[in-house]
Amino acid sequence: MGHVLVTGATGGIGTALVGALTAAGHQVTAVGRDVGRLGVRGIEADLADPETLAGAGEWGEVQALVHCAGISPVEAVADAGPETWRRTMAVNVASAAELVRLTLPALRRSRGHVIFVNASAGLTGVPRWSAFVASKAALRELAIPCARRRPPTGSASPPSIPGRPRRICWARSGVPSGVRTIPRRASGRRRWPR
């Protein structure tokens, strides 16, 4: 089985994903704070400081990078200060870009996968969640150049963006065909009501 690097492993979707991947026989490296409690190899890192990731540990031969980490401050534009914006963009977007950069050589060798766990707020917007909505839109946009950048020999697969079941046809919303979407139901989450 493959080696999967999972960010945001100490909460929510990330913790569930680590359990499911481990049960399926994959070698998992959890990235986050307090990863020792998960019972898998862990790299302690605060994704609010992406520049520290290069020295955080050895990434090894990675077959998949799953970026689950995210924060969602509930603040309107009028209330969100510079620190809210900086921290939200660092955790939700800049850390994903840095981890892709750091693991790309291994992902290319293994012809691996990059998966960004996103939210439909990145397409539609949600009042009072200004920094979160902007960061999720930016994460979606980050996937586009990752998908279009194809080296002549060997490449990682295009990023996948899990989303709501009704958002499967994101191509109509501007996501290019090189970026795949996964129905939320397939990622282990409940289906949204119709």
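A short reminder: the numbers here are calculations on the coordinates, not readings from a lab. None of the values given here were measured: they were computed from a predicted structure. Here the Cβ is made from the backbone with ideal geometry for all residues, glycine too, and neighbour counts use every protein chain on show.
Remarks
- Taking the C-alpha atoms of region 25-102, convex hull volume expressed per residue in Å³: 105 Å³
- Inter-site label distance for Asp79 and Ala54 at 7 Å from Cα along Cβ, in nm: 3.8 nm
- In sequence order, calculated HN-Hα J values of region 134-143 (Karplus, 6.51, -1.76, 1.60; Hz; x Gly/Pro): 4, 5, 6, 5, 5, 5, 4, 5, 4, 5
- Convex hull volume of the Cα atoms of region 1-154, normalised per residue: 108 Å³.
- If the segment from Arg109 to Ala121 were pulled out straight at 0.36 nm per residue, it would be longer than the present Cα-Cα gap by 1.0 nm.
- Under a 5 Å amide H cut-off, with hydrogens placed 1.01 Å from N, Gly42 pairs with Ala30 among residues at least 5 apart or on other chains.
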